Structure formats: C-alpha cells, structure tokens
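Rule-based calculations on the coordinates, nothing more; no lab input. All figures in this text were calculated on a predicted structure; none of them were measured in a lab. Cβ atoms come from the backbone with ideal geometry, glycine included; neighbour counts cover every protein chain shown.
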Amino acid sequence: MALLRFLRRPRFQFSLRTLFIAVTLFAIGSYAVSQAGIVMCRKSILDSIQGHTLTAMRRPSIVARPLPWTRRMMGDFPVEWIGVDRNIDDAEFERIVCAFPEAKVERLTVYVLDERDY
C-alpha cells in the first residue's frame, strides 16, 4: 500500500521560464569563471615576465583589439608589446603568444655593454 502511494505522488515540476532562468544563470556563471581563469593565467605570465629579463609594455589606448569588459572589470588590461629573451623555450614562447593575442611578442637579443663600449 505504501508503495502505491509513493508511485502516485506527483513529481517535482517546474515551468519552462524557470528552466530558461536556470540555464542562463549557469551560462553566465561558467563564462565568468572561464574569464577569471584567463585573467589569472595572464597575470601569472606577466609576473614571470617581470621577474626575469623579459619586458612587457602596456598602452591601452593604442591596442587595436580591446579586451572584453568582463575581463577589464576583473583587473585585466591589454598589452601592446612583449619582448622575451632569445633563449626562452619554444613552448614558453607559444604560451605567451597564446595568452596575449593582442600583443606583438618578439624574441630579443640582449647586448651586454662593457666599459670600453661607453
């Protein structure tokens, strides 16, 4: 008898509007999480660049491809040019190029000046 009552119980129901709202909120949340991951990756690359002999130059007014406003709100900024050491690994160079599609990434030759060169 208890089994029949359990089977006759109405199932959980919701409207189509509730489904659309839930899907929209899920999509917005996952987009924000993915953009936050991109921002953290770019910041970690810039921190590693600043820690070595590598250089990054930012001038947001000149960059042709602006960043999405969500990433700007998270603290990201466009980078115009990145100069890396010529001896950097190819995999690390490609990682920098992929992380900063708006930047011009170049390998630099570093000349060490001696006292005789002055």
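Structural remarks
- Using θ = phi - 60° and Karplus 6.51 cos²θ - 1.76 cosθ + 1.60, couplings along the stretch 96-104 (whole Hz; Gly, Pro as x): 5, 4, 5, 6, 10, x, 7, 9, 8
- With each label modelled as a point 7 angstrom along the Cα→C-beta vector, the residue 108-residue 34 pair spans 3.4 nm.
- Ordering of 11-18, 23-30, 79-86, 94-101 by packing [mean C-beta count within 10 Å, highest first]: 79-86, 94-101, 23-30, 11-18
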